[in-house]
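Following: one structure in C-alpha cells, then a few remarks.
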Amino acid sequence: MEGTLRTLLRFLLAWLAQTFVFHHLVLLDGWITPLFSLYALVLLPLRWRPIAYLLIGGAMGVLTDLSTFGGGLFTAAGLMSGLLQPWIARLLAPREGYEADATPDAGALGWGWMLAYTFLVVWAHALWLFLVEAGRWDLIPKALGQSASSAALTTVLILGVRSLFNQNRSQR
Amino acid sequence: MRNLWQLLVRNHVFILFLVLQAFALAWVTRSHGHPRGMWVRWSLGWTGAWNAQLTEWARLGQLEADNVRLAQENAELRAQLMHEDAHGHAAEVVQISWHRAANSFIVNRGASDSIAPGQAVVCAAGALGRVVEVHDRYALGLPLLHTELEWSGRIGKDGVIGRVVWDGDAADVGRMLDIARSAQIAVGDTVFTTGYQGIFPADIPMGYVQRVTQNPSDEFLTVHLRWAVDFRSIRYVEILAVPAMPAFTPSTSDV
C-alpha cells in the first residue's frame with residue numbers, strides 16, 4: 001500500500017514538475033528538451049506485467065498532452081516507451097535475472113545498469129516524440145539529434161534527482 | 001481459429017499498443033498544430049496564469065506600468081494606421097515556443113477583452129501569427145513558425161505574391177514559394193502581408209529577402225527570407241480584429 005502511494009505521489013510530482021518547470025526550460029532551440037515526466041515511469045518495478053507499462057506510459061502521456069498542448073505527441077511517445085520498457089529491462093537483465101520485487105536501483109544493480117536503462121527508456125520516448133512531431137522526411141536527421149541530446153540531459157536529470165533522494169534516505 | 005486466438009493472446013500487448021498508438025496518432029493528426037476545444041480552453045486557463053506569473057517574476061524591477069501603457073497606445077495607433085476600422089488590443093506574450101515543428105504562443109488577453117479566434121497578432125517589427133483558441137483571460141496563437149501553415153505574402157508593396165512557409169529548421173528564416181522567374185527581386189526587399197487570408201491587414205512586414213534560388217524542377221523561384229520578428233525575444237504584441245470585408249456587389253455601370 002505504501003509502495004503504491006509512493007509511486008502515485010512520484011507520478012504526480014513528476015507531472016507537476018514537467019508541466020510547471022521543465023516545460024519552460026527548453027534550451028538551444030529545442031536541442032535540449034527535458035522530459036522529466038519520465039522520472040516516475042523509469043522507476044517502476046522491473047517485473048510488472050508488460051501491459052501495465054504500456055497503460056501507465058499512455059496515461060502519463062495523456063496527462064502531459066492535456067497540460068502542455070502536446071496534441072497527442074506525449075501519448076504516442078508514452079505508449080512507445082511503455083511498450084519497450086520491459087524489453088529494455090530484459091535486455092539489460094543480469095545473468096541470474098531480477099528478483100521478484102526488484103526496482104531500478106543503482107545500489108542493487110549498479111550505476112552502469114541504471115545509466116543504460118534510464119537512457120534507453122528515455123531515448124525510446126524522445127525518439128518517437130521528435131519523429132512524430134517532425135512529420136516530414138527532411139526533418140528526421142534533426143529529430144534524431146534532438147532526441148539523443150534531450151535523452152542524455154533527461155537521463156542526467158533523472159539520475160541526479162534519484163541520487164539526491166537516495167542520499168537523503170541513507171542519511172535518515 | 002484456435003491458432004489465431006493463441007496468436008492474439010500471445011501478442012495482446014503489441015496489439016493493444018497498435019490500437020492505442022493509432023488513437024494517439026489520430027489525435028496528433030487532428031489537433032497537432034491546431035489545438036482547439038474544451039480541453040485546450042481548460043488548460044489555457046491555468047497554464048496561462050502560471051506563464052503570466054513566471055513572466056512577472058522574470059521581469060520584476062522593470063518599468064512595467066510604463067511599458068503596458070505605451071504598448072496599449074501603440075496598439076491603438078497601429079490599428080488605426082493599418083485599417084481604419086481595425087481594433088487593437090495590447091497584450092503581452094507569456095509563453096512562446098520556437099523549437100518545435102508546430103509552435104504556439106500564449107498572450108495575456110482573452111475572451112473578456114473581446115479576443116476571438118482568427119484575429120491577427122502583430123508587433124512593432126511585423127507579423128507574428130494568429131489566435132486559434134481563447135480562454136477568458138488568455139489566448140492561444142500560432143506563429144509564422146509553424147510547418148503546417150501557409151501565409152500569403154507580397155514582395156514590396158506592389159510586387160509579386162506567393163506562399164510564405166516555414167520549413168521547421170532555423171527559427172529566424174522562412175521561405176516564399178511560387179514566385180515566377182520573371183519577378184524582379186532584390187536582396188533586402190521587404191515581404192509584406194497581402195491581407196488576402198482575412199487574418200492580417202495588408203502591408204505588415206513579414207520578413208526581408210536574404211537570397212533567391214531557382215528551383216531546378218520547375219519554373220519558379222524560391223525566396224529565402226529572414227523573419228521581421230525575432231520570435232525568441234518577443235514580448236509586447238497587438239491583437240488586431242479586422243472586420244470582414246463587405247461583400248462585393250458590382251454596380252450596373254461596371255457591367
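Any read-out appearing in this document is the output of simple, stated calculations on the displayed coordinates, not a laboratory observation. Keep in mind that what you see is a predicted model, and the values were worked out from it rather than measured. Here the Cβ positions follow ideal geometry from the backbone for every residue, glycine too, while neighbour counts run over all protein chains shown.
Taking only Cα atoms, what is the 0 to 90° angle, nearest 10, from helix A:111-134's long axis to the longest principal axis of chain A?
Result, in degrees: 20.
Using unit Cβ charges (K, R positive; D, E negative) and no other charged atoms, how large, in debye to the nearest 20, is the dipole of chain A about its Cα centre?
Rounded to the nearest 20 debye, it is 240 debye.
Taking other Cβ within 10 Å of each residue's Cβ, how do A:V156, B:V122 sort, fewest first?
A:V156, B:V122
If you filter region A:1-83 for chymotrypsin sites (Phe, Trp or Tyr not before Pro), then keep DSSP loop positions with at most 16 other Cβ within 10 Å, what is left?
Sites meeting the loop and neighbour criteria: A:W31, A:W48.
What nm distance separates the two modelled labels at B:Q6 and B:A186, each placed 7 Å from Cα along Cα→Cβ?
Inter-label distance under the simple model: 8.0 nm.
Separation between the B:A124 and B:E148 pseudo-spin-labels, each 7 Å from Cα along Cα→Cβ, expressed in nm?
Simple spin-label model gives 3.4 nm for this pair.
Using amide H atoms built 1.01 Å from N in the peptide plane, name the residues 5+ places from A:I32, or on other chains, whose amide H lies under 5 Å from its own.
Residues meeting the criterion, in which the H sits 1.01 Å from N, are A:L27.
Loop-only GluC sites (Glu not before Pro) in region A:93-172, please: DSSP not H, G, I, E or B, and at most 14 other Cβ atoms within 10 Å.
A:E96, A:E99
How much length would be gained if the chain were fully extended between B:D178 and B:T213, taking 0.36 nm per residue of separation minus their Cα-Cα distance, in nm to one decimal?
Residue separation times 0.36 nm, minus the Cα-Cα distance, leaves 11.4 nm.
When you look at the Cβ of every residue in A:128-139, what mean number of other chain Cβ atoms sits within 10 Å?
For peptide A:128-139, the averaged partner shielding equals 4.
Per-residue HN-Hα couplings for region A:35-44, Karplus 6.51 cos²θ - 1.76 cosθ + 1.60 at θ = phi - 60°, whole Hz, x for Gly and Pro?
Along region A:35-44, the couplings run 10, 6, 4, 7, 3, 6, 5, 5, 8, 5 Hz.
So what is the 222 nm mean residue ellipticity for the protein assembly as shown from helices alone, if each DSSP H run of at least 4 adds -39500 (n - 2.57) and you divide by all residues, rounding to the nearest 500 deg cm²/dmol? Please list the in-between numbers first.
Working: 11 runs with 190 residues, N = 427.
The per-residue figure over the protein assembly as shown is -15000 deg cm²/dmol.
Could you run the Karplus curve 6.51 cos²θ - 1.76 cosθ + 1.60 with θ = phi - 60° over region B:6-15 and give me ³J(HN,Hα) per residue in whole Hz, x for Gly and Pro?
So the Karplus estimates, Gly and Pro as x, are 4, 4, 5, 5, 5, 10, 4, 5, 5, 5 Hz.
Order by neighbour count: B:S217, B:S97, A:S81, fewest other Cβ atoms within 10 Å first, most last. Show your work: numbers first, answer last.
Working: B:S217 5, B:S97 20, A:S81 29.
In increasing order of surrounding Cβ atoms, one gets B:S217, B:S97, A:S81.
Can you pull the three principal axis extents for the Cα set of the protein assembly as shown, in Å, largest first?
Sorted largest first, the three principal extents are 90, 55, 41 Å.
Report the full-extension gain for the segment B:Q53 to B:D158: residue separation times 0.36 nm, less the Cα-Cα distance, to one decimal in nm.
Roughly 33.4 nm would be gained on extension.
Using only atoms on other chains, find how many Cβ atoms lie within 10 Å of each Cβ of peptide A:16-25 and report the average.
That average works out to 2.
Return the average number of partner chain Cβ atoms within 10 angstrom of each residue Cβ along peptide A:50-56.
If you average over the peptide's residues, the count of other-chain Cβ atoms is 3.
Using θ = phi - 60° and the Karplus curve 6.51 cos²θ - 1.76 cosθ + 1.60, what whole-Hz ³J(HN,Hα) does each residue of region B:231-240 get, with Gly and Pro shown as x?
Rounded to whole hertz, the list is 5, 6, 10, 5, 9, 8, 9, 10, 9, 10.
Placing +1 on the Cβ of each Lys and Arg and -1 on the Cβ of each Asp and Glu in region A:2-171, which of A:A151, A:Y98, A:G82 has its Cα farthest towards the positive end of the resulting dipole?
A:Y98
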